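What follows is one structure encoded as structure tokens, with my remarks underneath.
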Amino acid sequence: MRFEELEVGAAAEVTKTVTESDVVRFAEVTGDHNPAHLDEAWAARSRFGGRIAHGMLGAGFISAVLGTRLPGPGAIYLSQQLRFLRPVRIGDTVTARAEVAELFPAKRRVRLLTTCRNQDGETVIDGEALVMVDGDP
């Protein structure tokens, strides 16, 4: 979207089911091989009782909303605040949502409320993003 098309309250979502492959590939790309994500026997003894997805994998779904839907292609992340409230597990379906909270026309920046919810409607990640919206390339 062009900055001029944005308005407070506008929202968009992306939904993704987290797979075993997603978790393994995320570990490979980032180098985060924490056994909480990759080792079922180890994770079974943890407070979560089983493997969980990387928190930043879930947060990456917010990036997908910002970069593809709202504001969309050309949006540049400036900052993101996150609170990880619940674990995301393999097999969970996560819906990431971004909602325009404030517009800063002079700098073409947008503050968005960001959340991720699981298939049960539970908020797993909560936060706020600031993005810059460039003009048409």
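Most mobile of 36, 106, 12 per a Gaussian network model of the chain (Cα springs, under 10 Å)?
106
Connecting C-alpha atoms closer than 10 Å in a GNM of the chain, tell me which of 20, 28, 102 has the biggest fluctuation.
28
Given a Förster radius of 35 Å and the C-beta distance between residue 19 and residue 76 as r, what FRET efficiency does 1/(1 + (r/R0)^6) yield to the nearest 0.05?
Plugging the Cβ-Cβ distance into 1/(1 + (r/R0)^6) gives 0.75.
Per residue of the range 52-69, what does 6.51 cos²θ - 1.76 cosθ + 1.60 with θ = phi - 60° give for ³J(HN,Hα)? Whole Hz please, x for Gly and Pro, Karplus curve as stated.
10, 6, 4, x, 6, 5, x, 5, x, 5, 5, 4, 4, 5, 5, x, 10, 10
Of the options 26, 100, 42, report the single residue whose Cα projects farthest towards the positive end of the charge dipole of the chain (beta-carbon charges: Lys, Arg +1; Asp, Glu -1).
It is 42, whose Cα lies furthest towards the positive end.
Assuming 0.36 nm per residue, please report the length gained on full extension of the stretch residue 122 to residue 10 beyond their Cα-Cα distance.
Working: separation 112, 0.36 × 112 = 40.32 nm, distance 2.17 nm.
The residue 122-residue 10 span can extend by a further 38.2 nm.
Quick one: among 61, 26, 104, which has the greatest mean-square fluctuation in a GNM of the chain with alpha-carbon springs under 10 angstrom?
104
Check residue 125: other-chain or 5+ apart residues with amide H under 5 Å from its amide H, H built from backbone geometry?
For residue 125, the qualifying residues are 85, 116.
For a footprinting-style exposure proxy, rank 76, 62 by other Cβ within 10 Å, fewest first.
Details: 76 14, 62 24.
By the 10 Å Cβ count, ascending, the order reads 76, 62.
No lab work stands behind these numbers, since they all come straight from the coordinates. Because the structure is predicted, anything quoted here is derived from the model rather than measured. Cβ sites come from the backbone with ideal geometry, for glycine too, and all protein chains shown count toward neighbours.
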